[in-house]
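A short worksheet on the structure shown next.
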Amino acid sequence: MRIIVQFFVVPFFLSLWTISCTGTVFSEEADANSVDASQDSDLDTGQDGEVDGGENCDLDTGQDGGVDAGEDAGTDAGEDSDLDAGQDGSADAGEDSDLDAGQDGGTDVGVDSDLDAGLDGGTDAGDDGEANPCDGVVCNSPPADRCLDDGITLRQFEQTGTCLDGDCEYGYSDYTCPEACVSAQCQGCNPQWQDTTSCNCTPTQCVGCSGTKHQQDGCGNERDVSCQLDPIACPNGQVCGQNNECVVRTTNPVIAGDGPDPHVLRETDAQGNAVYFLVHTVHNSGDIPIYTSTDLVHWTLLPSGAFNKSRTPGNSLDINDGHFCSVWAPHINRISNGVYLLGFSASRFASAQTPCPGYNDDGGVYLASSSSPSGPFAMVDHPWEPFPSGANPNICSSDTRLNIPHSVDYSSTNCQGGFCHHIVRLDSDVFHDPLTGRWWMAYSWFTNSPPVVSWEEENHGEHMHITELDGNDPFAVKCDTNVPQIFAANPHDSDTLARLAAYCARCGEMLSFTKGRYGEEFTRDGFSWGVTEGASLFRRGDWVYLLISGSLWDSPYYHVYWVAAHSVEELVYTNSNRLVGRYLIPSQQQAFGHGTAVLGPDGVHWYFVHHHLDSSACVNGDCSRDVWVSPIEFEDHGDGLGDVYIKARFPAESPQVEVIQ
């Protein structure tokens, strides 16, 4: 390995240890014949042994500054050249060599080699590429400090160099000693360099940095020298991810077993770190469980459920004066400091059910409160909880309340003789828009079964609406017959179906809103039955997003798609200007859906915590759904809107996930 010395920083009397006008030289250990332009000098074109480059300061014995191919030149194609294609096995100067001493003494770039020794096994980087010459090279052996010939100048080299093309280059500093320079030391004041500033760069947890720092030597001299700082390193349990950020890396699921319809609330602790609370469907098997996490990957089940109630599996969950069966899709929302809302879908009865009856599209959404996201909710001093969603009956007349979105007091079917979208049946999500300050609730509702009007025959099934909540009391729907009621999803909307299929190359795969457990076209009452459910609302910048699950819950076609607009009102499904795309696409008999969009621990990246169904097991009776986490990645489609499009994913084909911390 050669050692090359090169100028770096010269704040005072800095110059370059050099033997050419290019500022790059060989060390004193280099072969004197490797670059030779005369018979009697290592680097000479004259007779006085000085470094002479002719008129243009090259290394030359000719008139044009080139590398001479004369009889005694060091770079020659003759019999005595060190760079030769002859029998001595040195570098080849033949037809394919970069160093060729042809008739004009120039530098010939060969066909396939930088330094080629032809048949004799030299260094050849032919058509198959060249290894990095700096691989494995450590530049920590600089030339020794020395006194220059003037007897007063001390040259000191930096201890760490830089590799370039396999050679080490070292910066150095020249300065004048107070009295004299003897044996590489100044007489009168021996310099001892000390840092006066720290390295002026900032490493990240995964990426180091290079900068400079200022030094003084105690003899009145100063200089700036290069410096490097190592990465800070990630905390225990984290690794550097693909984008050089600390991540928790895992393979889904993050919660095994049966945890359908998960909802996640993001809170922050006193230090500003994210803390998450997760709840999920329990059917008729017990209290609503609450899990906590700090990274969206590792979850801890709290010892008490949301209501701190015991329950005999199969029987109703008895809370104050209510008795609830088919407890599905719970969600916890922070309303204000010390006020939390728990909403859940269920069939409510006036008396205990032992056992619970089957679900018959007869339920509603019910709400309770707590001072903590970990509960307990619906305390005994709030005997009216859980109460049905809708306008506050204490301040809103019955006529108004029943003509705007609300849930039934107790289990009952169909649309109660009014508009079906006024009956809040299931899968609610409460959303506070940080841009406008307004509160909203998304929910799903059913058509009459059997249909009673022709529109229901053509649009039979489960639809999705969004309505506005009372800003002063987000537990209640705004008491106003003109309250916004946005029709956000219709499972029979052919325009949306076509846009979803065209969203990406594979977006037409496993796309349906009307498929059942066995992949069959699902019908009810003799009509096609479609499903849109599992709403999740969030805002990112100028766009409000709504994630929607489609097809029956136990179908291999169960999937998630998204729509986006600048306002909640613009999410109406008839708005052709809203953005539409697929998100989680089923494949390999694995289906995905119903979850929560949540901001990650870093406060920048978004994730979707959702459930997964093994459809191949479900057809045999095991329809348990475990909990997965998937990144929500945003793409720029080149239409001037920026990175606002959610990337379509096939989670079954890539179950690994990185959560940026």
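The values are calculated or read from the model by the stated rules, or taken from the named source; none is laboratory data. Computed from a predicted structure; not experimentally measured. With ideal geometry, Cβ positions are generated from the backbone for all residues, glycine too; neighbour counts draw on all protein chains shown. The protein model used for the area step is the full one, side chains on, heavy atoms only, and it has no ligands, DNA or RNA in it. Shrake-Rupley method; radii C 1.70, N 1.55, O 1.52, S 1.80 Å.
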Output for Cβ contacts, cut-off 7 Å, separation at least six or different chains, first residue closer than 8 Å to GLY218 by Cβ in the range 181-194, second open to solvent by 30 Å² or more (accessible area, probe 1.4 Å) and assigned to a strand (DSSP E or B), reads GLN194/GLN216
Every listed condition ((1) outside any strand (DSSP E or B); (2) touching a His at 6+ places or on another chain (Cβ under 8 Å)) holds for LEU497 save (2)
Would you check if there is a residue in the range 198-206 being surrounded by 15 or more Cβ atoms within 10 Å (Cβ to Cβ) and farther than 29 Å from VAL137 by Cβ?
-> no
Taking the range 351-406 and keeping only residues that are among the aromatic types (Phe, Trp, Tyr) and either surrounded by fewer than 20 Cβ atoms within 10 Å (Cβ to Cβ) or not in a loop (DSSP other than H, G, I, E, B) (or both), one is left with TYR359, TYR366, TRP384, PHE387
Residue within the range 458-468 that is part of a helix (DSSP H, G or I), β-branched (Val, Ile, Thr) and within 34 Å of the chain's Cα centre (by Cα) present: no
- Query: Is one or more of the residues making up the range 261-275 open to solvent by less than 50 Å² (accessible area, probe 1.4 Å) and of a type in the set (Ser, Thr, Tyr)?
  - Reply: no
When the range 642-661 is checked residue by residue, the ones that are farther than 28 Å from GLY519 by Cα, outside any strand (DSSP E or B) and free of Cβ contacts under 8 Å to residues at least 24 places away in the same chain are GLY642
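So which residues in the range 152-179 are part of a loop (DSSP other than H, G, I, E, B) and more than 49 Å from the chain's Cα centre (by Cα)?
ILE152, CYS177, PRO178, GLU179
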Of the residues in the range 249-260 that are assigned to a loop (DSSP other than H, G, I, E, B) and open to solvent by 60 Å² or more (accessible area, probe 1.4 Å), the one that is farthest from SER428 (Cα to Cα) is ALA256
Boolean, ASN448 is touching a helix residue (DSSP H, G or I) at 6+ places or on another chain (Cβ under 7 Å) and surrounded by fewer than 23 Cβ atoms within 10 Å (Cβ to Cβ)
yes
Confirm whether SER616 is surrounded by fewer than 19 Cβ atoms within 10 Å (Cβ to Cβ), closer than 15 Å to CYS507 by Cα and either modelled with pLDDT of 95 or more or among the acidic types (Asp, Glu) (or both).
no
Residue set GLY519, GLY526, GLY534, GLY550; condition at positive phi and open to solvent by less than 10 Å² (accessible area, probe 1.4 Å); output residue GLY534
Among ASP495, ASP473, the single one that is more than 26 Å from SER347 (Cα to Cα) and either modelled with pLDDT of 95 or more or open to solvent by less than 60 Å² (accessible area, probe 1.4 Å) (or both) is ASP495
Pairing a residue in the range 618-637 that is part of a loop (DSSP other than H, G, I, E, B) with any residue that is surrounded by fewer than 14 Cβ atoms within 10 Å (Cβ to Cβ) and at pLDDT 95 or above, where Cβ atoms lie under 7 Å and the two sit 6 or more apart in sequence or on different chains, gives VAL619/TYR518; SER624/GLY257
If you go through LEU599, LEU641, LEU579, LEU584, the only one that is within 18 Å of GLU533 (Cα to Cα) and hydrophobic (A, V, I, L, M, F, W, C) is LEU584
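State all residues of the range 167-195 that are open to solvent by less than 70 Å² (accessible area, probe 1.4 Å) and over 18 Å from THR153 (Cβ atoms); if no residue qualifies, say none.
Within the range 167-195, ASP167, CYS168, GLU169 meet the criteria.
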When the range 235-260 is checked residue by residue, the ones that are in contact (Cβ under 8 Å) with a residue 60 or more places away in the chain and farther than 20 Å from PRO655 by Cβ are PRO235, GLU245, CYS246
Can you find a residue in the range 225-248 that is at pLDDT below 95, charged (D, E, K, R), crowded, with 17+ Cβ neighbours inside 10 Å and part of a loop (DSSP other than H, G, I, E, B)? yes
Here the qualifying pairs (Cβ atoms under 6 Å; residues six or more apart or on different chains; first in the range 378-398 and among the charged types (D, E, K, R); second surrounded by 12 or more Cβ atoms within 10 Å (Cβ to Cβ)) come out as GLU385/ALA368; GLU385/ALA378
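Is one or more of the residues making up the range 508-516 outside any loop (DSSP other than H, G, I, E, B), more than 30 Å from GLU385 (Cα to Cα) and open to solvent by 60 Å² or more (accessible area, probe 1.4 Å)? I'd like the intermediate steps shown before the answer.
Kept after step one, since they are outside any loop (DSSP other than H, G, I, E, B), are these residues of the range 508-516: 515.
Okay, now just the ones that are also more than 30 Å from GLU385 (Cα to Cα), so 515.
Filter once more, so that each one left must be open to solvent by 60 Å² or more (accessible area, probe 1.4 Å): none.
No, the range 508-516 contains no residue that is outside any loop (DSSP other than H, G, I, E, B), more than 30 Å from GLU385 (Cα to Cα) and open to solvent by 60 Å² or more (accessible area, probe 1.4 Å).
Between TYR340, TYR291, which is buried (at least 16 other Cβ atoms within 10 Å of the Cβ) and within 27 Å of the chain's Cα centre (by Cα)? Show your work before the answer.
Details: TYR340 fails: within 27 Å of the chain's Cα centre (by Cα).
After ruling out the rest, the residue left standing is TYR291.
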Note: among ALA306, ALA270, just one is out of contact with any Cys (no Cβ under 8 Å at 6 or more places or on another chain), small (Gly, Ala, Ser) and free of Cβ contacts under 8 Å to residues at least 12 places away in the same chain, namely ALA270
Restricting attention to the range 557-576, the residues that are open to solvent by 10 Å² or more (accessible area, probe 1.4 Å) and assigned to a helix (DSSP H, G or I) number exactly 2
